[in-house]
Each structure stands twice: as structure tokens, then as C-alpha cells.
Amino acid sequence: MPDDQDRIEPDSVADLYRQHAGELRAFLAGVLRDRALADEVLQTVFRKALEKGHTATGSVRSWLFKVAWNEAMLVRRVQTRQAGGLKKAARQRGISSEIPEQSETAAVLHETVEAVRRAISRLSPEQQLVIRMRIYEEKTFAVIADELGIPLGTVLSRMRTAMQKLEQSLHRCNE
């Protein structure tokens, strides 16, 4: 991979895709146990190759597999966090830990989502922006700081304060 460029050419990424997509897809399907999710992660891997592939050292193939593994683990962590959040919300609302009917699950999820949206809407616009960029757009704090043109510490402070306010607000809703 070239070291003197900010990005590698799209044609180079297309060549990498032709060479490695099949085995990467099989690898991701085995890790994630979901072909559709594996295809989404595969897209992310090649987006990162386009954006950051020039930083790869050593074998391009091993770099692609490393990125694929890291992205798959990120997806699994998010899934675990979401499942844990739903269970926690259900416990806090006094709902049985038994698996409820699908309509009950949808209702609890809808109520929880609405409570979170209301709580976020009460944050300052700066805090709302950081929350949206971090959680919904899945950007790193460094990227957020760079895009907003503010110090990293400011971004971290806004996130910490916002999370504390959200926790207090949602705790009050559940009492």
C-alpha cells in the first residue's frame, strides 16, 4: 500500500475486493453467524480500506482480516449492549424476565426509545450533537472533536455530562 497518499485509489480497493471479498465474507459469516450482517461488515471493511488502507503495514490480506475481525467484534459488542439494555429496561419497569410476546417486546422497546428520545431532547444542543455523532453515527471522540473543531477534552466532557443527565432523567422516569 502506498505510504505517501492520504487515500488509496478506488480502483485499487476494487481490485482488493475482487481478490479477498469471498474469503472475508466466509470468515465474517462464521464469526457473526449472520450472512446479512457479514455483508454489512464486509462493506465497512472495504470502506476502511479506502479511507485508511494506506496505513496498512505488512500483508494487505492480513490487514483486511484484522479490520474484519475488529469490525465483527464491534458489531457483537453493540448487539450484546443492546440486548443488555433491553433486559435492564425491562427489569427497571418491573417486567418479567421471561420472554414476552412479540407485541409486548415491541411496546416496551417503543416506550424505552421514546423515553430516551425525550431525555435527549432536554439536553443542550451541544450535548445532543455529541450524543448523535457518537452513538448514532458511531464516530470516535477524536473524529467528533476534529469535525466540530473543538478540543477532545471538551467532547469528552460534553459526553460525560450528557450521559449523567440522561441517566438521572431516565432513572426518574422509571420510579
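Evaluate the following for E114: is it outside any loop (DSSP other than H, G, I, E, B), at pLDDT below 85 and either touching a helix residue (DSSP H, G or I) at 6+ places or on another chain (Cβ under 8 Å) or not small (G, A, S) (or both)? So E114 fits the description; yes. The set of residues in the stretch 25-52 being polar (S, T, N, Q) and closer than 18 Å to R77 by Cα consists of T44 alone. Tell me, yes or no, whether the stretch 132-139 has at least one residue that is more than 20 Å from L74 (Cβ to Cβ) and free of Cβ contacts under 8 Å to residues at least 60 places away in the same chain. The answer is no, given that none of the residues of the stretch 132-139 is more than 20 Å from L74 (Cβ to Cβ) and free of Cβ contacts under 8 Å to residues at least 60 places away in the same chain. Close Cβ contacts (under 7 Å, 6 or more residues apart or on different chains) running from residues in the stretch 52-64 that are in a helix (DSSP H, G or I) to residues that are at pLDDT 80 or above and surrounded by fewer than 20 Cβ atoms within 10 Å (Cβ to Cβ) comprise G53/V13. Quick check on S121: is it of a type in the set (G, A, S) and either at positive phi or at pLDDT 85 or above (or both)? Yes; evaluated as a whole, the condition is true for this residue.
In this structure, is R134 surrounded by 12 or more Cβ atoms within 10 Å (Cβ to Cβ) and modelled with pLDDT of 90 or more? Answer is no for this residue.
The values are calculated or read from the model by the stated rules, or taken from the named source; none is laboratory data. On a predicted model such as this, the values are computed, not experimentally measured, just so you know. In this analysis, Cβ positions are derived from the backbone assuming ideal geometry, glycine residues included, and neighbour counts consider all displayed protein chains.
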